[in-house]
Amino acid sequence: MRTLVHLSDLHFGRVDPLVLDPLVAAIEDLRPDVVAVSGDLTQRARDGQFREAREFLDRLPRVPQIVVPGNHDVPLWNAFKRFLQPLEGFRRFITDDLEPFYADEEIAILGVNTARSLTVKHGRINEQQVARVRELLCRIGDRIAKVIVTHHPFDLPEGYDESELVGRARMAMETLAACGADLLLAGHLHVGHTGHTAKRYEISGHSALVVQAGTATSSRVRGELNSFNLIRLKHPHVNVVRYVFKPEQKIFAPASSEHFHHAPDGWARVPDETAAGISYSDDSDALQPHVPDAK
């Protein structure tokens, strides 16, 4: 089994300071194998905001981190930096690797940078990036869970305009399907959401699981509580637990738990009564959402 914590849209420069310590405590308590951060670490890509984001990341458990930039990590008002050094601050304070990759015997996770200088809000994926996806993921066997992390999403909750999708998504999905991509993690919307790609892209024999994270720390919550995702993977099963901040108790606690099974044509939701019998680890009879101790 592999345990993945999925954070997004931290927006240092406009965070709610009350959630920071409970968030770190919750992640420590969950003991993830990998932490993925799907972009927008800062509000306005200023050095001080990147420093705060770096300090936060350094407080998390010492496990591999897959961190990609978002559109807010590109300077908005400084035209010189925006077009000539768009991710200089991200590279200097967060990581110089804009498309990090991690793999072991159970999971392969690839970050893809969708932030662009020419757009204020939207993002894009290009053919060179898709070629790298093909190079890294297509050679990996199907019994290893394959995860893509982007800031801009490949699918959307109900009611969102298609302009919010990552640019050239359809082109990229052909390769993602051919390589057997299992999970597509994203942020950007500040809304938690779980879905699949089969309806939008209609690629025969393939359906990837789309997992959207809300904002973990920003005060711009857009009608939802601060949240993050806990993802447990044990082929052919995936469990997605959404943790939300409880202001009265000052803790993050599970609000929903969804189970999926890998069928011949992709990931399918498992009914609750069936999920009760699924074991994700050798030392437990069934997976139960874990409430972190209050710190």
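Order by neighbour count: L10, L165, L209, fewest other Cβ atoms within 10 Å first, most last.
Lowest count first: L165, L209, L10.
Pick out, in residue order, every one of the GluC sites (Glu not before Pro) in the range 98-134 that is DSSP loop and has at most 12 other C-beta atoms within 10 Å; say none if there are none.
Hits after loop and neighbour filter: E105.
Check A255: other-chain or 5+ apart residues with amide H under 5 Å from its amide H, H built from backbone geometry?
Answer set, sorted by chain and number: R242, Y243, V244.
Among DSSP beta bridges whose residues both lie in the range 2-275, state the antiparallel percentage, nearest 5.
60
Relative contact order, percent, of the range 185-256 when contacts are C-alpha pairs under 8 Å separated by at least 6 residues?
23 percent.
Among A53, G205, A253, whose Cα lies farthest out toward the positive end of the dipole of the chain, if unit charges sit on the beta carbon of Lys, Arg (+1) and Asp, Glu (-1)?
A53
For a quick check: sort K146, K121 by the number of other beta carbons within 10 angstrom, fewest at the front.
The fewest-first ordering by Cβ neighbours comes to K121, K146.
Taking the Cα centre of the chain as origin and charging only Cβ (+1 Lys, Arg; -1 Asp, Glu), how large is the dipole, in debye to the nearest 20?
Using only the charged Cβ atoms, the result is roughly 980 debye.
If I model a spin label at E158 and A263 as a point 7 Å from the Cα along the Cα→Cβ vector, what separation in nanometres do I get?
2.1
Do any chymotrypsin sites (Phe, Trp or Tyr not before Pro) in the range 154-229 lie in a DSSP loop with no more than 16 other beta carbon atoms within 10 Å, and if so, which?
Taking the range 154-229 and a limit of 16 other Cβ atoms within 10 Å, the loop chymotrypsin sites (Phe, Trp or Tyr not before Pro) found are Y160.
Exactly which chymotrypsin sites (Phe, Trp or Tyr not before Pro) in the range 32-80 are in a DSSP loop and have at most 16 other Cβ atoms within 10 Å?
The qualifying sites are W77.
Once every DSSP H run of n ≥ 4 in the chain is given -39500 (n - 2.57) and the sum is divided by its residues, what mean residue ellipticity at 222 nm do you get, rounded to the nearest 500 deg cm²/dmol?
-6000 deg cm²/dmol
Putting +1 on Lys and Arg Cβ atoms and -1 on Asp and Glu Cβ atoms, find which of A268, A131, G214 reaches farthest to the positive end of the dipole of the range 2-275.
It is A131, whose Cα lies furthest towards the positive end.
Hey, what did the range 2-275 get for relative contact order, percent, Cα under 8 Å, at least 6 apart?
Worked out over the range 2-275, it gives 19 percent.
Read-outs: derived from the displayed coordinates by stated rules, not from any lab. If you're wondering where the values come from, they're calculated on a predicted model, not measured in any experiment. Because the Cβ atoms are built from the backbone with ideal geometry, glycine has one as well, and the counts that use them run over all protein chains shown.
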